[in-house]
Amino acid sequence: PDLNFSGKDTLAWKGFDGFVYSIASAKVFITITPVNDAPEIIALEQTVLDVKAGEGPVLLSELFEVIDVDNDSLKSAEIGFRRQNFVVDEDILLFTNTANITGKYTNGILTLTGKAPIKDYVDAIRSIKYDNVSKVFTSEEVLKTISYSVSDGILLSAIKDREIKLIDRIEDIEIPNGFTPNNDTDNDYWIITGLDRYPNAKVRVLNVQGLTIFENEGQYSGWDGMINGKPVPSTSYYYTIDLNLVNRKKIYKGSLTILH
């Protein structure tokens, strides 16, 4: 009578001739053999997860929930990129092993293994973080799909998906390829437009021998073409500008011409 009941039961019945029931009951002895049911993911956010590239790892799901009607534990789970736009070495899933659950991330799939109570798996899966460590800077919004499945060791649950919208908000900078520090109030400084958005940036200017003649780390307000109080010669130089970001790497390189 109960959903998913298994074990022994008895059916008793009496005959009826239209006037009275039989005195004795007949009995049917029933043994109900259990059939394993697959675990079921019953909760996962349906909203798209917005991830701002370069801002560090974010939790994939805070609502994930799973049940198994005939098991109190799970043996494995898979969380990963199964569809479009996955990029090797850029899309990263982060997981810290627990006492009973071990994670391994390979080719976009995080595999969790180890027999553990369902609650432990729920907590473990809720702790998974996503990070994008791409060096490519773009204003495009890219959709990626994360798929979830769990297993009781015999059957795999149906797969559930959540979409990630990767948004790269890091804005580019404008770097002049020359300036004229001749004190005529026009183009006297090497001004890098937009660099003020990156207060930890490191700017270096090198001569053709590869020696650093100018260096600035931190807030940049422009360079007047002077070194030790003297103007540098009118010629071509090279520069590197490292935005010095915490979770991303972006370095600009190019040539710079100074004319007095």
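Secondary-structure-derived ellipticity at 222 nm for the chain, considering helices only, amounts to -1000 deg cm²/dmol, per-run term -39500 (n - 2.57) for DSSP H runs with n ≥ 4.
The length gained on full extension between Phe29 and Asn228, counted as 0.36 nm times the residue separation minus their Cα-Cα distance, comes to 61.5 nm.
Ratio of the chain's C-alpha Rg to 2.2 N^0.38 Å, to two decimals?
Values: Rg = 32.8 Å, N = 260, 2.2 N^0.38 = 18.2 Å.
The value comes to 1.80.
Would you mind telling me which residue in Leu166, Leu211, Leu243 has the biggest mean-square fluctuation in a Gaussian network model of the chain, where springs connect alpha carbons within a distance under 10 angstrom? Between Leu166, Leu211, Leu243, it is Leu211 that shows the largest mean-square fluctuation. Taking trypsin sites (Lys or Arg not before Pro) across region 62-138, the ones in a DSSP loop with at most 16 further Cβ atoms lying within 10 angstrom of their Cβ are Arg82, Arg83, Lys135.
Rounded to a whole number, what % of the accessible area of region 48-189 do carbon and sulfur atoms account for, probe 1.4 Å? Could the numbers behind the result be given before it?
Values: 3580 of 7620 Å².
Carbon with sulfur: 47 percent of the solvent-accessible area.
Kindly sort Phe95, Phe179 by accessible area of their heavy atoms, largest first, with the probe set to 1.4 Å.
Details: Phe95 40, Phe179 5 Å².
Highest to lowest solvent-accessible surface, that is Phe95, Phe179.
Straight-line reach from Lys27: taking Cα to Cα under 27 Å and skipping same-chain neighbours fewer than 8 places apart, the lysines in range are Lys8, Lys14. Among the trypsin sites (Lys or Arg not before Pro) found in region 199-260, not one is both in a DSSP coil and sparsely packed, with 11 or fewer other Cβ atoms within 10 Å of its Cβ. Projecting label points 7 angstrom from Cα along Cα→Cβ for Phe16 and Lys253 puts them 9.4 nm apart. Taking 7 Å steps out from each Cα toward its Cβ at Thr212 and Thr111 produces label points 4.6 nm apart. Using heavy atoms of the protein chains and a probe of 1.4 Å, the accessible area assigned to Glu62 is about 130 Å². What you get for region 108-260, charging only the Cβ of Lys and Arg (+1) and of Asp and Glu (-1), is a dipole of about 780 debye around the Cα centre. Residues Glu55, Glu40 ordered from highest to lowest accessible area at a 1.4 Å probe: Glu55, Glu40. With a/c under 1.5 counting as rounded, go ahead and sort region 1-117 into rounded, prolate or oblate using the C-alpha gyration tensor (a ≥ b ≥ c being the square roots of the eigenvalues; past the cut-off, prolate if a/b is larger than b/c, else oblate). It comes out prolate by the Cα gyration axes. Other residues lying with their Cβ under 12 Å from the Cβ of Asp123 contribute a combined charge of -1, Lys and Arg counting +1, Asp and Glu -1.
Under the simplified labelling scheme, the Glu171-Ile191 pair shows an inter-label distance of 1.5 nm, with each label point 7 Å from Cα along Cα→Cβ.
The values are calculated or read from the model by the stated rules, or taken from the named source; none is laboratory data. This structure is a prediction, so every number in the text was calculated from the model and none was measured. Methodologically, a virtual Cβ is constructed for each residue, glycine included, from the backbone with ideal geometry; neighbour enumeration extends over all protein chains shown. We work out accessible area using only protein heavy atoms, side chains counted, and drop any ligands, DNA or RNA first. Shrake-Rupley method; radii C 1.70, N 1.55, O 1.52, S 1.80 Å.
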